[in-house]
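The values are calculated or read from the model by the stated rules, or taken from the named source; none is laboratory data. In this text the structure is predicted, and so the values were computed from the model without any measurement. Neighbour counts are summed over all protein chains in view; Cβ atoms, including those assigned to glycine, are modelled from backbone coordinates with ideal geometry.
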Amino acid sequence: MNKALIIVIDGCAPEYLTRDTAPNMFRLAERPGSFAKTVQGAIPSVTNVNHACIMSGAFPEDTHVVGNYYYDPATGDQGFIESTGFMKARTILEAYKAAGGKTSLLTVKGKILEVFGAGVDIGISVQKPDQELLARLGLSVPPQVQSPDSSRWIFEAAYQCIKKENPALVYCTTNDFIMHHFPPGTDEAREQIRAADDYVAKIHDLDPSRQIYVTADHGMNQKTTLINLQTISDEAGFHMVCVPPLKDRYIENHIYQEGGILYLYLQDPSEEAQILELTASLPAVEQVLSAKEAAALYHLPEDDIGDFVAFAAKDCAFGEVDPPILHTDQVRTHGSLYERTVPLIAVNAAADSQEYAYSKDIVRHLL
């Protein structure tokens, strides 16, 4: 069983992670059996969807995790995905544990541990810290989830975990608060990457044979126009529910729950042609695909994504804004086709560089 560390830097577009901002990672990537490249994440480019794919090596058509938020058209129930039961594919954590390996899941956002951490040997969440475990690893009280210091803290947790417990598998992930608020090149963004870079070097020095993979769940882009398609539809007299897969309780990251994709549930099928005519008239909507078309193109489970999937234009997002169209220079977000490209740095990789086209391929070659 190969020991591995998987680091997922939340919201880390490739422009954040460069030879300039991460010299240690790029130095290690030049070693034999190591590399640096970009790969594709899953669609929608949101947190839960891509963690499910990275952890399982599978597409959403197999994980059935299609968002941070769920909606049941049969009952009208809806809410945040923050518990077990949604993930249908086996994770690398489960596979390693079944093979007798010790596992560790370290996360800033509490929901990652709650959704994916069942049965893990060592589980740490900045949001809901286990004081006994912190004491065992010699860790200080963590900062707030949205604190810039939360990333460095979780990397220190990974270092101490490997030093003191030596798990076969460590999966470590951050929060994208900084990426939502600061573009590449800013001091704040550079410090986030510096923290990761420092600890990748420290962990490699500590455990030189361990495989290390650094990637992101999704990228991040500036958006200048937000539209509330639910309000626009309601005001036009249509009966449709617009479900934002990006929506979660971390509103300090995206105060309008703004994201690049919507699942559209038509409550009156006779309105289909008129609704498609409406969406086609909105410049912020780049395309609308049927669930069948979207499932085929993006490996999604057709029965879980509504009747149609709406994709925002590059500089636009769907959000809970009032009035229903907002022009802004204050929003950075994700969820669309334009945030699916992510970095991948691999040290002591399990396979050659060309074998990694998607972030999920990390685990596909570990299983």
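A few points about this structure:
- Going through (1) out of contact with any helix residue (DSSP H, G or I) (no Cβ under 7 Å at 6 or more places or on another chain); (2) modelled with pLDDT under 95; (3) crowded, with 18+ Cβ neighbours inside 10 Å one by one, LEU133 falls short only on (3).
- Matching entry among ALA350, ALA280, ALA291, ALA284 (being in contact (Cβ under 8 Å) with a residue 40 or more places away in the chain and either out of contact with any His (no Cβ under 7 Å at 6 or more places or on another chain) or acidic (Asp, Glu) (or both)): ALA284
Okay, residues lined up against (1) more than 14 Å from the chain's Cα centre (by Cα); (2) within 18 Å of ALA357 (Cβ to Cβ); (3) not assigned by TED's automatic domain parsing to the domain that holds LEU262:
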position: SER34; (1), (2), (3): yes, yes, yes
position: ASN50; (1), (2), (3): no, yes, yes
position: ALA58; (1), (2), (3): yes, yes, yes
position: GLY76; (1), (2), (3): yes, no, yes
position: MET87; (1), (2), (3): yes, no, yes
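- Test: residue in region 224-236 that is touching a Lys or Arg at 6+ places or on another chain (Cβ under 6 Å) and either under 30 Å from MET1 (Cβ atoms) or not aliphatic (A, V, I, L, M) (or both): no
- Residue in region 88-103 that is touching a Pro at 6+ places or on another chain (Cβ under 6 Å) and aromatic (Phe, Trp, Tyr) present: no
- Total residues in region 71-105 satisfying the condition of being under 23 Å from TYR250 (Cα atoms) and in contact (Cβ under 8 Å) with a residue 24 or more places away in the chain: the figure is 10.
This table checks each residue for (1) touching a Ser or Thr at 6+ places or on another chain (Cβ under 9 Å); (2) farther than 26 Å from VAL115 by Cα; (3) surrounded by fewer than 24 Cβ atoms within 10 Å (Cβ to Cβ); (4) at pLDDT 95 or above.
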{"position": "THR215", "(1), (2), (3), (4)": "yes, no, no, yes"}
{"position": "MET220", "(1), (2), (3), (4)": "yes, no, no, yes"}
{"position": "THR225", "(1), (2), (3), (4)": "yes, yes, yes, yes"}
{"position": "ALA236", "(1), (2), (3), (4)": "no, yes, yes, yes"}
{"position": "GLY259", "(1), (2), (3), (4)": "yes, no, no, yes"}
{"position": "LEU262", "(1), (2), (3), (4)": "no, no, no, yes"}
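- When residues of region 314-341 are limited to those that are within 15 Å of LEU262 (Cα to Cα) and in contact with a Pro (Cβ under 7 Å, 6 or more places away or on another chain), the one surrounded by the fewest Cβ atoms within 10 Å (Cβ to Cβ): PHE318
- Set side by side, the residues ILE261, ILE251 differ, and just one is touching a strand residue (DSSP E or B) at 6+ places or on another chain (Cβ under 9 Å) and of a type in the set (Val, Ile, Thr), which is ILE261.
One line per residue, one yes/no per condition, for (1) hydroxyl-bearing (Ser, Thr, Tyr); (2) modelled with pLDDT of 95 or more; (3) within 23 Å of GLU252 (Cα to Cα):
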residue	(1), (2), (3)
SER290	yes, yes, no
ALA294	no, yes, no
ASP304	no, yes, no
ASP315	no, yes, yes
ARG340	no, yes, yes
ASP361	no, yes, no
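- In region 163-177 there is at least one residue matching the filter, namely being farther than 19 Å from LEU134 by Cβ and among the small types (Gly, Ala, Ser).
- Top-ranked residue in region 143-162 [being of a type in the set (A, V, I, L, M) and in contact with a Lys or Arg (Cβ under 9 Å, 6 or more places away or on another chain); ranked as nearest to ILE9 (Cα to Cα)]: VAL145
- The single condition among (1) at pLDDT 95 or above; (2) closer than 25 Å to GLY306 by Cβ that GLU82 does not meet is (1).
- All conditions in (1) in contact (Cβ under 8 Å) with a residue 40 or more places away in the chain; (2) over 20 Å from the mean Cα position of the chain (by Cα) hold for ASP187, with the sole exception of (1).
- Scanning region 284-301 for residues that are among the charged types (D, E, K, R), touching a strand residue (DSSP E or B) at 6+ places or on another chain (Cβ under 9 Å) and not in a strand (DSSP E or B) yields one hit, GLU293.
- Residue ID - farthest from VAL145 (Cα to Cα), chosen from residues in region 74-120 that are part of a loop (DSSP other than H, G, I, E, B) and among the aliphatic types (A, V, I, L, M): ALA74
- So LYS247, is it among the basic types (Lys, Arg), at pLDDT 95 or above and not assigned by TED's automatic domain parsing to the domain that holds CYS53: no
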